[in-house]
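The values are calculated or read from the model by the stated rules, or taken from the named source; none is laboratory data. If you're wondering where the values come from, they're calculated on a predicted model, not measured in any experiment. A quick note on method: Cβ atoms are made from the backbone with ideal geometry, for glycine too, and the neighbour counts reach across all protein chains shown. Accessible surface areas use protein heavy atoms only, side chains included; no ligands, DNA or RNA. Shrake-Rupley method; radii C 1.70, N 1.55, O 1.52, S 1.80 Å.
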Amino acid sequence: MNFLYSKTIRLAFSCIRSERYQFFSQSSSTLCSSRLLTKPRKLIINSHSRQIHRNPIVSSFRSLLSIRNKCFNISSVHRVTMANSGDSATCDTKKPFERLPTTVVPSFYNITLKPDLVDLTFTGSENVSIQIKESLNEIVLNVEDLVINEAAYTASGYERAEGEVSIDSDNQVARIKFIKNLQPGSGTLYMSFTGILNDQMKGFYRSKYKAQNGEERYCATTQFETNFARRAFPCWDEPAIKARFQVTMIAPKDLTVLSNTNVVSETPHKEDAGLKVVKFGETPIMSTYLVAFVVGEYEYIETKTERGTSVKVYTQIGKKDQGKFALETASKCLTLFEKYFNIPYPLEKLDHIAIPDFASGAMENWGLVTYRETCILDDPKNTSSANREFIATCVCHETAHQWFGNLVTMEWWTHLWLNEGFATFMQYLATDGIYPELDIWLQFVTSSSLPAFGLDSFHNSHPIEVPVGHPDEVESIFDAISYEKGGSIIRMCYNWIGDEAFKRGMQNYLTKHAYKNTFTEDLWEALGEASKKPVEEMMSTWTKQRGFPLVQVSTRVENDKRILSLKQEQFTFDGQLIGDEKTALWQIPISMITSSNPKNSTAPILMKDRSFEIHLNDVSPSDWIKINPNCESFHRVGYSSDLLELLKPAIREKKIGAIDRLQIVSDLFATSIAGKTSTVDFLGILSCYNQEDSYVTWNAISGGFSKLDSLLAHTDYQSLFHAFGRKFYAQIFSKLGFDQQPDNKHTDNLLRVLVLSRLLDFGDENVINEAKKRFADHCNGKIMAPDLRSVVYRTIAIFGSDKEFDMLFELNDKEELQEEKGRLIKSAAAAHDPVRIQRVLDFSLSDKVRSQDAWSVICSSTGSKKGRELAWTFFRKNFEELKRRYGNHYSTSCIIERTTYGFVSDEKYAEVESFFAEHPLPGLELVILRGLESIKNNNRWLLKESQPVGQFLQSFK
């Protein structure tokens, strides 16, 4: 599944992220938008705010921990301590869960389904070839929200045995009991069943769309990852229980019917002339979550790869031209991966289809990849540069899954990162190979590493390999740890062992385990054999423990020789180490560049101990030293003051690369938030960046500005901060201007949007006035550049008249392109006026906003202090409806993050804690705990840092 979390969190805010006006704060795992008030605010922490962490809160916090324990196997790496209280709580229990018995194993499913797109139900039957390993009188398999009408077993040479079915809804299983014991051997299990085409975007579900004549209609489609195939047909719904599948669909004769494989026969229905019977070819052996089928009105465009594989992009009628860019990408990256892995794609075709309602960004079903429209459709007149880039990486991500995940599958969800971490890494490799002009590797750190740092800096993070048991837990690990941190440590391993060894190891891994299931250790073994390096020993320190290191660097001179001293410790947002965080240790590939050789980094040395020294040759005391060039290793760096001073001229004169300039400012901001350095130091070093012109470096700077803006909204200093920001961004704005120039690179276009967005947040009158003019021209028929639209629409939401604000809704009603509809309504959510904010929130749950988008509209309203408070109230008021729609999907976790992570007071802490104690969300306990942790951290920062920052800003003025 694509990085909807990410995947950020990446696909989660497809329109928001693509327009680049919301950025990951490097001190939060959530996307931080900056919808800022122009009036100064007084410090809102009351005289009792220092009591926020004392025992009453500790006690109630523990009650929430007890809820978390039911769904998570909380080992010593998941430990929470209340700062300033001296108390700690360690949780070691787990919600009872058992995987399916291994006494019965399926090998082949022959499934027939008949969806009814009027009554929104379906009927089905299946014959499953099974192997019984021991005498038994009960067969247990997975079922959810299905009614099994009949079940029977027939063994070769024996009479049919009828079974009695009972459903265990809590554990999502069906138990089929037989009067007599079934004997070991092979046979066929027959079942007939009925189900509902639900509106929850999981299982076999319905999706509403408008036909070309304006009539509302439904299509039927699937989303089976993680454990939703059981909602479409009874099955052994675990990734390790692989089988072959043959699907037959009975559907209206005028509709397109698709599945994983090609059609082998299509015949009229014998009893109903309006129906057809479509039989598909047998699939390779694969997991249930990769099965897919779609019934609806579609058209397609097609090409063939160098090897002759058919690649198609399916869209709603009238939209196929918007699939051209995705088709080009899909064909090229399929060929690229075949050559890189030296393994041909094993199916005859690979279809990509746009679904009107889709909870995630995309899903890698073997041979039939499903997408939400914004992740695959490209309209040259309306699609922004960022969204076009996003489509490219999304298609490459899902295509990579055809090998990582589909051909070779993780044994259980504990190893989800094997799918998602590698697909995340490979999407960059493939996109760079196809579209080098996008400079996609340059963006890896801001798109992947920084978001992963953000989430993994909480005490309530989780390891990459998180123990997963009950199905409730699985959804919660589709996050920046599995995707972005997973991809980041793969990049670290790649750079450590080199491209050739990495490629050889991957080829061996995929060949050896084709059509099988693997554990993480199988991958390390293959890469270790190819590189002759201790890959498993090193990489296990990154996958099996939570968090990441901060490497503190200092230097001294002995006998005319410069000695570099390094010390590692776990990095946390509050700067405190609890329990075994104090002894956490990583094996870190350490490399560096110096003044004398700024272009070539030293060969990486593996730092295995807590302290480490490197004796430097030919490096004088006046030379600067930069650790971790290009951020190839997954750690932050803390420089001693003298080393940082030496680096400042190199930053100012750009003698080090953009990623290195990014890392220095990002790490300094992160350590200031953690209390290890002063935030004033971060603001002070910005003078070295006044000639900065790199998008990725500005992206990191803006992440820091976004977090500070959110915090300073609770003080008298926000207006001073806005003045500081306007001054700081003025030079890069004068260079870029409002409009794209012929010599602009792709990243220049991304930078322009970022700078305009930030200046808008700072209340820059030039940007506001020009944006208003552009909006008026746009409404009068002068088409506006897609890259500028989010900034212009947000300007209207914040500073426009009521009539102009109404126009955002009118444009949204008329618009058909989902990318533009999302841009309009999420921009409207950026309003600062409470009446406008509430209007957008109410609108989000109306029938004019797709369920797939409602949650992101709510999240978009949280950019200002007032917006956050109103969204939090709205979330609580509509909790049951939102829970019904999204359950514990990533969507819900994003709403929790965006509404709660910016609070600062003890009152809000108690309010959040109390609400979720009364309204539990199984599987999202860690998200809630991180919210409470964020409130504590924000409170701590304000008490310690707000006054020095205010004094700095006053001095600057």
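Details
- Averaged over its residues, the chain has an accessible area of 34 Å² per residue, based on protein heavy atoms and a 1.4 Å probe.
- Ordered by 1.4 Å accessible area with all protein chains kept, 772, 826 run largest first as 772, 826.
- Phi angles of the stretch 452-466 translate, via the Karplus equation with coefficients 6.51, -1.76, 1.60 and θ = phi - 60°, into HN-Hα couplings of 5, 4, x, 5, 7, 8, 7, 4, 9, 8, 8, x, 4, 8, 8 Hz per residue; Gly and Pro are given as x.
- P(r), alpha carbons of the stretch 174-326 - 5 Å bins starting at zero, rounded %: 2, 7, 12, 17, 20, 17, 11, 6, 3, 2, 1, 0
- The 3J(HN,Hα) values that the Karplus relation (6.51, -1.76, 1.60; θ = phi - 60°) gives for the stretch 432-449 are, in residue order, 5, x, 8, 10, x, 5, 7, 6, 5, 5, 4, 8, 4, 5, 6, 7, 10, 5 Hz. Gly and Pro appear as x.
- Stokes-Einstein diffusion coefficient of the stretch 320-416, Kirkwood radius over Cα pairs, 4 °C, 1.567 mPa s, in µm²/s: 93 µm²/s
- Separation between Cα centres of the stretch 792-868 and the stretch 577-606, rounded to whole Å: 45 Å
- When Rg and the Kirkwood Rh are both derived from Cα coordinates, the Rg/Rh ratio for the stretch 523-621 amounts to 1.03.
- Cross-link pairs beyond the 18 Å C-alpha cut-off, checked among 319/814; 567/599; 782/814; 908/936; 599/626; 114/253: 567/599
- Contact order normalised by residue count of the stretch 714-830, Cα under 8 Å, 6+ apart, percent: 21 percent
- The Cα-based radius of gyration of the stretch 391-453, divided by its Kirkwood radius, gives an Rg/Rh of 1.01.
- Solvent-free Debye scattering, log10 I(q)/I(0), computed from the Cα coordinates of the stretch 665-711 at q = 0.13, 0.17 Å⁻¹: -0.26, -0.45
- Hydrodynamic analysis of the chain uses the Kirkwood radius over alpha carbon pairs. Inserted into Stokes-Einstein at 10 °C and 1.306 mPa s, it gives a translational diffusion coefficient of 55 µm²/s.
- For the stretch 253-389, relative contact order (Cα pairs under 8 Å, six or more residues apart, normalised by length) works out to 22 percent.
- Here the relative contact order of the stretch 837-957, from alpha carbon pairs under 8 Å that lie six or more residues apart, stands at 21 percent.
- The stretch 241-308: trypsin sites (Lys or Arg not before Pro) in DSSP loop, at most 14 other beta carbons within 10 Å: 270, 307
- Radius of gyration over Kirkwood radius for the stretch 797-837, both on Cα atoms: the Rg/Rh ratio is 0.97.
- The trypsin sites (Lys or Arg not before Pro) of the stretch 504-594 that DSSP puts in a loop, and whose beta carbon has at most 16 other beta carbons within 10 Å, are 532, 544.
- For the stretch 881-918, GluC sites (Glu not before Pro) meeting the loop criterion (DSSP other than H, G, I, E, B) and having at most 12 other Cβ atoms within 10 Å: none.
- Reachable lysines, given that their alpha-carbon falls under 18 Å from the alpha-carbon of residue 180 and they are not under 8 places away in the same chain: 133
- The Cβ shell under 9 Å around residue 246 holds other residues with a net charge of +1, Lys and Arg each +1, Asp and Glu each -1.
- Against the criterion of solvent-accessible heavy-atom surface with a 1.4 angstrom probe, 748, 321 sort, most first, into 321, 748.
- Put simply, the amide H of residue 108, placed in the peptide plane, has neighbours under 5 Å in 129, 244, leaving out anything fewer than 5 places away on its chain.
- Applied to the stretch 258-265, the Karplus parametrisation 6.51 cos²θ - 1.76 cosθ + 1.60 on θ = phi - 60° returns per-residue 3J(HN,Hα) values of 10, 8, 5, 10, 6, 6, 9, 7 Hz, with x for Gly and Pro.
- Considering all different alpha carbon pairs of the stretch 746-800, the Kirkwood hydrodynamic radius works out to 11.2 Å.
- Protection proxy ranking of 167-175, 817-825, by the mean of other Cβ atoms within 10 Å over each peptide's residues and highest first, is 817-825, 167-175.
- Approximate shape of the stretch 798-957 as ellipsoid semi-axes (Cα gyration tensor, √5λ), whole Å, largest first: 29, 24, 12
- Only helices enter this figure: runs of n ≥ 4 DSSP H residues, each worth -39500 (n - 2.57), summed and divided by the residues of the chain, yield -12500 deg cm²/dmol at 222 nm to the nearest 500.
- If R0 is taken as 35 Å, the Cβ-Cβ distance between residue 600 and residue 536 corresponds to a FRET efficiency of 0.75.
- Principal axis dimensions, the stretch 609-671 - Cα atoms, whole angstrom, descending: 27, 27, 21
- Rounded Å value of the spacing that divides the Cα centres of the stretch 337-378 and the stretch 733-791: 33 Å
- Computed over the stretch 429-476, the quotient of the alpha carbon radius of gyration and 2.2 N^0.38 Å is 1.63.
- Working note: Debye formula, equal point scatterers on the alpha-carbon atoms of the stretch 121-264, no solvent; log10 I(q)/I(0) at q = 0.14, 0.19 Å⁻¹ is -0.74, -1.21.
- Each Lys and Arg adds +1 at its Cβ and each Asp and Glu adds -1 at its Cβ; summed about the Cα centre, the stretch 660-730 shows a dipole of about 100 debye.
- Coarse-grained scattering of the stretch 549-702 at q = 0.09, 0.17, 0.21 Å⁻¹, given as base-10 log I(q)/I(0) from a Debye sum over alpha-carbon atoms: -0.27, -1.02, -1.51
- When the stretch 657-773 is reduced to its Cα atoms, the Kirkwood hydrodynamic radius in Å: 14.8 Å
- Modelled label positions at residue 272 and residue 244, each set 7 Å beyond Cα in the direction of Cβ, lie 3.0 nm from each other.
- Residues whose placed amide H lies under 5 Å from that of residue 562, excluding near-sequence neighbours: 616, 619
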